[in-house]
1. Take residue 56 and tell me if it is open to solvent by 50 Å² or more (accessible area, probe 1.4 Å) and closer than 29 Å to residue 198 by Cα.
2. Out of (1) of a type outside the set (Gly, Ala, Ser); (2) open to solvent by 90 Å² or more (accessible area, probe 1.4 Å); (3) closer than 29 Å to residue 191 by Cβ; (4) at pLDDT below 85, the odd one out for residue 15 is which?
3. So which residues in segment 150-167 are of a type outside the set (S, T, N, Q) and at pLDDT 85 or above?
4. Give the number of residues within segment 122-149 that are under 28 Å from residue 226 (Cβ atoms) and modelled with pLDDT under 60.
5. Select from segment 186-209 the residues that are assigned to a loop (DSSP other than H, G, I, E, B) and either exposed (fewer than 13 other Cβ atoms within 10 Å of the Cβ) or at positive phi (or both) and list them in ascending order.
6. Take the residues in segment 86-104 that are out of contact with any Leu (no Cβ under 9 Å at 6 or more places or on another chain) and over 16 Å from residue 201 (Cβ atoms), then tell me which one is least open to solvent (accessible area, probe 1.4 Å).
7. Just name the residue that is farthest from residue 215 (Cα to Cα) out of those in segment 88-103 that are touching an Asp or Glu at 6+ places or on another chain (Cβ under 9 Å) and not basic (Lys, Arg).
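The values are calculated or read from the model by the stated rules, or taken from the named source; none is laboratory data. Since the model is a prediction, treat every value here as computed from it, not as a measurement. Here the Cβ is made from the backbone with ideal geometry for all residues, glycine too, and neighbour counts use every protein chain on show. These area figures cover heavy atoms from the full protein model, side chains too; ligands, DNA and RNA do not enter into them. Shrake-Rupley method; radii C 1.70, N 1.55, O 1.52, S 1.80 Å.
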Amino acid sequence: ALPYEQLEPSDKPQMQSQPIQGIVLDLAAAKRDFERFNSQLLYPAPKEHVEFARQSLYRNNLIGPQGHITSLGKEVVSLPLSVHAGIVVARAREISVAKGLAPETLLLPAIGVAAVMEAQGILTREARLYGSQPREGRATHSSARWRRFCSGGMNSDHIAQMQVLEALLNASSDKLEDYGIHLNHFQIARDTRNDVCERLCINPDIAANALNRDTRHMLLEAIYSQYDRWWRVVPSHRGSERLRVKPVVGNGG
């Protein structure tokens with residue numbers, strides 16, 4: 001915590017302190033000029049925030065080099081989700097259509113992942129502590145009971161919490177607490193899942209299929225699609241054993 005004298009006199013407006021990718025993408029979809037919109041605000045977004053948002057959207061292939069919205073961007077805008085969660089669902093839908101998969105095979109698990117992301121996780125702090133560190137005496141703690149639903153998913157937090165969400169969709173509040181579930185966050189995730197299913201004309205009462213090796217790999221591909229910059233390790237010089245990290249950037253690359 002900062003000393004009192006170093007604290008800001010008041011909270012900064014959201015346009016100056018929060019990510020604005022969603023607003024930039026919405027205006028691109030509406031074919032409205034963001035610069036004009038921003039200049040009319042009482043507290044406009046700083047130029048560096050605007051540039052960061054545009055670069056992020058471009059790298060995710062949501063807008064083109066001239067700022068026009070892409071087909072993937074239109075798909076993300078149509079979903080009742082934030083940009084990054086929307087990318088996961090849009091990419092899973094793209095893969096499902098290409099491979100002719102039923103919604104419960106890949107798309108429903110991806111919607112569950114996006115719902116957990118929107119809720120900022122569905123586990124309590126104690127459940128995360130005991131569940132992620134199964135040391136002696138911890139695995140038997142009541143808040144670690146959620147682990148039983150995570151078959152093959154513990155090495156991915158997104159997938160693990162999605163499996164918990166799917167398993168406990170119709171559970172009572174008392175049962176959720178027994179499993180270490182944050183009730184408010186769980187309700188947000190469940191409502192988000194229902195909203196996305198309704199938007200995509202999917203019956204929310206259908207249970208997602210258990211993931212096999214192939215579908216898990218495809219789901220991870222959809223999850224990784226949300227990241228707007230990748231890095232790769234390369235040799236420093238020809239024949240050198242020293243390594244350095246090099247950014248990989250591009251338009252949806």
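1. Details: open to solvent by 50 Å² or more (accessible area, probe 1.4 Å): no; closer than 29 Å to residue 198 by Cα: yes.
No, not satisfied.
2. With respect to (1) of a type outside the set (Gly, Ala, Ser); (2) open to solvent by 90 Å² or more (accessible area, probe 1.4 Å); (3) closer than 29 Å to residue 191 by Cβ; (4) at pLDDT below 85, residue 15 is out only on (2).
3. Our first condition is that a residue be of a type outside the set (S, T, N, Q); within segment 150-167, this holds for 150, 152-154, 157-160, 162, 164-167.
Of everything in segment 150-167, those that are of a type outside the set (S, T, N, Q) and at pLDDT 85 or above turn out to be 157, 158, 159, 160, 162, 164, 165, 166, 167.
4. Of the residues in that region, 3 qualify.
5. Within segment 186-209, 201, 203, 205, 206, 207 meet the criteria.
6. Only one residue tops the list, namely 100.
7. Across segment 88-103, the extreme among qualifying residues is 90.
For (1) within 27 Å of residue 12 (Cα to Cα); (2) out of contact with any helix residue (DSSP H, G or I) (no Cβ under 6 Å at 6 or more places or on another chain); (3) at pLDDT 90 or above, each residue gets a yes or a no:
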position	(1), (2), (3)
43	yes, no, no
52	yes, yes, no
62	no, no, yes
68	no, yes, yes
